[in-house]
Amino acid sequence: QVQLVESGGGLVQAGGSLRLSCAASGRTFSPYAMGWFRQAPGKEREFVADISWTGGARYYSDSVKGRFTISRDNAKSTVYLQMNSLKSDDTAVYYCATDSKPWQLTMRNPTFWGQGTQVTVSS
C-alpha cells in the first residue's frame, strides 16, 4: 500500500517561505508522477503543482506560478514544494498525491493521498 507523509507546514508571515516535504513508501518511487494539492477553509481542493516521473516536466497553477517550485529526489523517495513570497490566500491544508499509473507527465487524478499538512500565512 502506498503511503505518503507530508511535513514542513506551519505558521509564517506574509512574504515568508516554507518548504514542504512528502515521503513516499510502499512501492518504487521513481516511475510515478507526484503532485501537490491544497484545500482552504470552505473551498474545494485545488491543484497546486505536479512533476513528471522523470522530473523534467513541472506544472503549476496560475495562482502559485513564479512563487512555488516542485522538485523530487528519487534516491530519498521524496517530493518537495518550495513556497516563497507566501500570501494569506495560500493558507490551506496541503496534500501530497500520486497516481497508480506509471510513466506519466502529469498527475491530476490522484489515486493516493497523504494526510495533509497545515500552512497558515499571517498578514
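The values are calculated or read from the model by the stated rules, or taken from the named source; none is laboratory data. As the structure is a computational prediction, the values presented were derived from the model and not from experiment. So basically every Cβ, Gly included, is an ideal-geometry build from the backbone, and we count neighbours across all protein chains shown. Remember, those area values only see protein heavy atoms, side chains included, never the ligands or the DNA or RNA. Shrake-Rupley method; radii C 1.70, N 1.55, O 1.52, S 1.80 Å.
For region 40-47, the condition of being open to solvent by 70 Å² or more (accessible area, probe 1.4 Å), in contact with a strand residue (DSSP E or B) (Cβ under 6 Å, 6 or more places away or on another chain) and either at positive phi or in a loop (DSSP other than H, G, I, E, B) (or both) holds for at least one residue.
On the basis of being out of contact with any Asp or Glu (no Cβ under 6 Å at 6 or more places or on another chain), open to solvent by 20 Å² or more (accessible area, probe 1.4 Å) and closer than 19 Å to Gln1 by Cα, does Ser21 make the cut? The answer is no for Ser21. If the condition is being hydroxyl-bearing (Ser, Thr, Tyr) and either surrounded by 15 or more Cβ atoms within 10 Å (Cβ to Cβ) or within 15 Å of Ala24 (Cα to Cα) (or both), then region 75-96 contributes Ser77, Thr78, Tyr80, Thr91, Tyr94, Tyr95. Being of a type in the set (D, E, K, R), open to solvent by less than 20 Å² (accessible area, probe 1.4 Å) and in contact with a Ser or Thr (Cβ under 9 Å, 6 or more places away or on another chain) is the requirement here; does Asp99 meet it? Criteria not met by Asp99. Pairing each residue of region 3-24 that is of a type in the set (D, E, K, R) with any residue that is surrounded by 14 or more Cβ atoms within 10 Å (Cβ to Cβ) and part of a loop (DSSP other than H, G, I, E, B), provided the two are 6+ apart or on different chains, yields C-beta distances under 8 Å for Glu6/Gly114; Glu6/Gly116; Arg19/Gly8.
Checking each residue in region 93-123 for being hydrophobic (A, V, I, L, M, F, W, C) and on the phi > 0 side of the Ramachandran plot picks out only Trp103. A single member of Arg72, Arg67 is over 15 Å from Ile51 (Cβ atoms), of a type outside the set (S, T, N, Q) and either surrounded by 20 or more Cβ atoms within 10 Å (Cβ to Cβ) or out of contact with any Gly (no Cβ under 9 Å at 6 or more places or on another chain) (or both), and it is Arg67. Out of all the residues in region 1-38, which are part of a strand (DSSP E or B) and among the hydroxyl-bearing types (Ser, Thr, Tyr)? If the condition is that a residue be part of a strand (DSSP E or B) and among the hydroxyl-bearing types (Ser, Thr, Tyr), then Ser7, Ser21, Ser25 are the ones that fit.
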